[in-house]
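Undergrad: One structure is given below, represented as structure tokens, and several questions about it will come after.
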Ligand code: T3D
């Protein structure tokens, strides 16, 4: 019997669903899962027919971060070089999610702990099931938040909440995460995949290139002055305004009909 892949890659009409698939370990990352997710995201990036990506987890959890069985000190003997594993696996994954030129929706179906929480936060839109929790579990094993955690928490929540979550490993409910502005929404568990599917379908029919430019502009904003950001907007809006999707959007508005957008820069 073939072994199931650690990441399931389902190609739907206009978007992909990537499911972390090690449910017995709450989808904690080992190297095989990292490599499978990297390959799937690369394929999504190259495929013009894929205009949005959904990331979720199999079973009752979203992701419990690093697989700690691969860090067992009784087997490893000496301490592993975690700087190297971040450089090799986690940091490239975070940048891959962030820089993908199409929307990435994270459907947090259950607990998101350690790097698992921060991988969720690297996605563009995070929707959590109400039963899901976000746990900066790192301090429990004498580590610091990684996978962008210190960056997301500080930017979205400010130092007071960032430090409290990181130092205490307090489980933050999806509803509190949404109320605090850390994620987009918390929804009833049974409605999670319907909500996420509706959003992915809308993105799959949307102006993909404009979405990519929007991501780029928003990512630039937090490091820029207003003057600098206005220049970023000028440059990217110029690019958006050159697209066939823009012409179609305006024509459709004036004709009082739905716009028919493509996933390409120009037809
Ligand atoms: O190492 C590097 O390369 C550096 C990068 C580090 C990134 C990191 O993510 S470090 C942080 C690693 N993650 C954690 O510390 C979280 C560990 N897990 C937990 O604290 C709890 O499991 C949860 C709070 C996430 C969920 O608790 P609960 O009670 O709902 O479930 P559970 O019973 O603890 O776990 C269920 C199963 O998943 C269990 O297996 P079993 O007993 O049923 O066979 C458990 O061992 C397994 N599991 C959960 N988390 C991990 C894991 N197995 C391996 N690694 C895990 N991280």
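The values are calculated or read from the model by the stated rules, or taken from the named source; none is laboratory data. From a predicted model like this one, the values you see are computed outputs, not experimental measurements. In this analysis, Cβ positions are derived from the backbone assuming ideal geometry, glycine residues included, and neighbour counts consider all displayed protein chains.
Undergrad: Have a look at 41, 86 and point out the one that is more than 12 Å from the ligand (Cβ to nearest atom), in the same structural domain as residue 192 (by TED's automatic domain parsing) and under 22 Å from residue 151 (Cβ atoms). Even if it seems obvious, please write down each step before you answer.
TA: Working: 86 fails: more than 12 Å from the ligand (Cβ to nearest atom).
The unique qualifying residue is 41.
Undergrad: Quick one: would you say residue 139 is surrounded by fewer than 23 Cβ atoms within 10 Å (Cβ to Cβ), more than 17 Å from the chain's Cα centre (by Cα) and under 26 Å from residue 71 (Cα atoms)?
TA: Details: surrounded by fewer than 23 Cβ atoms within 10 Å (Cβ to Cβ): yes; more than 17 Å from the chain's Cα centre (by Cα): yes; under 26 Å from residue 71 (Cα atoms): yes.
Here the answer is yes, as residue 139 does meet what is asked.
Undergrad: Anything in the range 89-108 that is more than 13 Å from the ligand (Cβ to nearest atom) and either modelled with pLDDT under 95 or not in a helix (DSSP H, G or I) (or both)? List them, or say none.
TA: Result: 100, 101, 102, 103, 104, 105, 106, 107.
Undergrad: Same structure again: So which residues in the range 11-31 are without any contact (Cβ under 8 Å) to a residue 60 or more places away in the chain, touching a strand residue (DSSP E or B) at 6+ places or on another chain (Cβ under 6 Å) and part of a loop (DSSP other than H, G, I, E, B), if there are any at all? Spell out the reasoning first.
TA: Looking only at the range 11-31, we keep the residues that are without any contact (Cβ under 8 Å) to a residue 60 or more places away in the chain, and these are 11, 16, 18-25, 30-31.
After this cut, where a residue has to be touching a strand residue (DSSP E or B) at 6+ places or on another chain (Cβ under 6 Å) as well, the list is 16, 18-21.
Answer for the range 11-31, where residues must be without any contact (Cβ under 8 Å) to a residue 60 or more places away in the chain, touching a strand residue (DSSP E or B) at 6+ places or on another chain (Cβ under 6 Å) and part of a loop (DSSP other than H, G, I, E, B): just 21.
Undergrad: Tell me which residues, restricted to the range 224-258, are more than 27 Å from the chain's Cα centre (by Cα), assigned to a loop (DSSP other than H, G, I, E, B) and more than 15 Å from residue 211 (Cα to Cα).
TA: 255, 256, 257, 258
Undergrad: What are the pairs with Cβ atoms under 6 angstrom where one residue, in the range 59-75, is more than 17 Å from residue 144 (Cβ to Cβ) and near the ligand (Cβ under 6 Å from one of its atoms) and the other, located anywhere, is in a strand (DSSP E or B) and at pLDDT below 95? Sequence gap at least six, or different chains.
TA: Listed by first residue and then by second, the contacts come to nothing, as the list is empty.
Undergrad: Give the range 170-197 a look and list any residue that's closer than 14 Å to residue 156 by Cβ and part of a helix (DSSP H, G or I), or say none. Outline the logic, then answer.
TA: To start, the set of residues in the range 170-197 that are closer than 14 Å to residue 156 by Cβ comprises 172, 176-184.
Listed by number, the residues that qualify are 176, 177, 178, 179.
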